[in-house]
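Accompanying notes for the structure given below.
Throughout, read-outs are computed from the coordinates displayed, never taken from laboratory work. Keep in mind the model is a prediction, meaning the values are calculated, not measured. Quick reminder, even Gly has a Cβ in these numbers, built from the backbone with ideal geometry, and neighbours come from all protein chains shown.
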């Protein structure tokens, strides 16, 4: 039983890390229709700024400030790179530019910091145990911040006028313009906020594992899948899908018959299979409803 609970807890931590990035993708898509896949590289870049602050021994708060500055600058740069594609509704071209931007960020990181793994926390990770189940301190921070992020994002998107404006910008820009909403300013703020959220998960990932220039690639791909499995316009689906596509593969890997011998290298395969199955049944997301057309 403890083994099962440990797997569930580990999966929830990983799912929460994916959720951070999926929410970042959701917010940007909500205001621009663009899948900003370079958010994974942005999160890693922010984590490297935190690592730089730690190596310079300038204190945690200065390292946090340095990270926020990096996230803000990269968010603004993302906005200026992609805004024209949003205005011209060139979504596929924007995706390619975003992917190229992410690769460029990873290349710069490798050039400056080298490709060797870096550790924000040296030595053994601090852990907490209860009822025979263990969790690392960064993992605990991830869960706490994840719960706060889910609550805040859901309330803003679903329950406030700001959320309605957020959803309306990409759906009907002309109508929103008549209401006096500065759409460019909203998009700019969303890009910055999404970069900060990606930076948060980048730092938490770096605390929990080794920091490498390409660390964010796999995570942003999983978050990208979670966004579409959940439904790119439904925050509830994004939240649920982030955990489903992590929990199911973990149980398949750990409880498959011995003769199959699945390893963690099969995780992405299972995630793609789950995505294919769900999207073939619910192409608009897991909470979508079939509308009868007459």
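Sort 122, 234 so that the residue with the fewest other Cβ atoms within 10 Å of its own Cβ comes first and the one with the most comes last.
122, 234
Under a point spin-label approximation (7 Å from Cα along Cα-to-Cβ), what is the residue 260-residue 159 distance to one decimal in nm?
Taking the two extended label points, one gets 4.1 nm.
May I ask you to sort 36, 57 by Cβ crowding, counting other Cβ atoms within 10 Å and putting the fewest first?
Fewest-to-most ranking of 36, 57: 57, 36.
Expressed as a rounded percentage, what relative contact order does the chain have, with Cα pairs under 8 Å and six or more residues apart?
Computed value for the chain: 33 percent relative contact order.
Based on the alpha-carbon gyration tensor of the range 173-294 and its eigenvalue square roots a ≥ b ≥ c, which shape applies: rounded if a/c is under 1.5, prolate if not and a/b is larger than b/c, or oblate?
Because a/c hits 1.5 or more and a/b fails to exceed b/c, the range 173-294 counts as oblate.
Evaluate E = 1/(1 + (r/R0)^6) for residue 288 and residue 91, where r is the Cβ-Cβ distance and R0 equals 25 Å; express this FRET efficiency to the nearest 0.05.
Computed FRET efficiency for residue 288 and residue 91 comes out at 0.80.
Taking Cα pairs under 8 Å and at least six residues apart, what relative contact order does the range 175-294 come out at, in percent? Write down the numbers at each step before the final one.
Working: 78 pairs, mean separation 27.7, N = 120.
It comes to 23 percent, rounded to a whole number.
Would you order 124, 190 from fewest to most other beta-carbon atoms within 10 Å of each residue's own beta-carbon? It would help to have the intermediate numbers written out before the result.
On the way: 124 7, 190 22.
By the 10 Å Cβ count, ascending, the order reads 124, 190.
Rg/Rh for the chain: what does it come to with C-alpha atoms and Rh from Kirkwood? Intermediate results must be reported in sequence, preceding the final value.
Details: Rg = 19.5 Å, Rh = 19.9 Å.
With Rg and the Kirkwood Rh in hand, the quotient comes to 0.98.
Length gain on complete extension for the stretch residue 55 to residue 73, per 0.36 nm per residue less the alpha carbon to alpha carbon distance?
Roughly 4.3 nm would be gained on extension.
Once you sort the root eigenvalues of the Cα gyration tensor of the range 34-125 as a ≥ b ≥ c, which label holds: rounded (a/c under 1.5), prolate (a/b larger than b/c) or oblate (the other case)?
Prolate shape, in that a/c is at least 1.5 and a/b is the bigger ratio.
What FRET efficiency comes out for residue 65 versus residue 1 if R0 is 51 angstrom and r is the Cβ-Cβ distance? Round to the nearest 0.05.
0.70
I'd like the distance separating the alpha-carbon centroids of the range 1-69 and the range 204-277, in whole Å.
What the calculation gives is 15 Å, centre to centre.
Go ahead and run the numbers for FRET between residue 276 and residue 99, Cβ-Cβ distance against an R0 of 22 Å, rounding to 0.05.
So the FRET efficiency works out to roughly 0.50.
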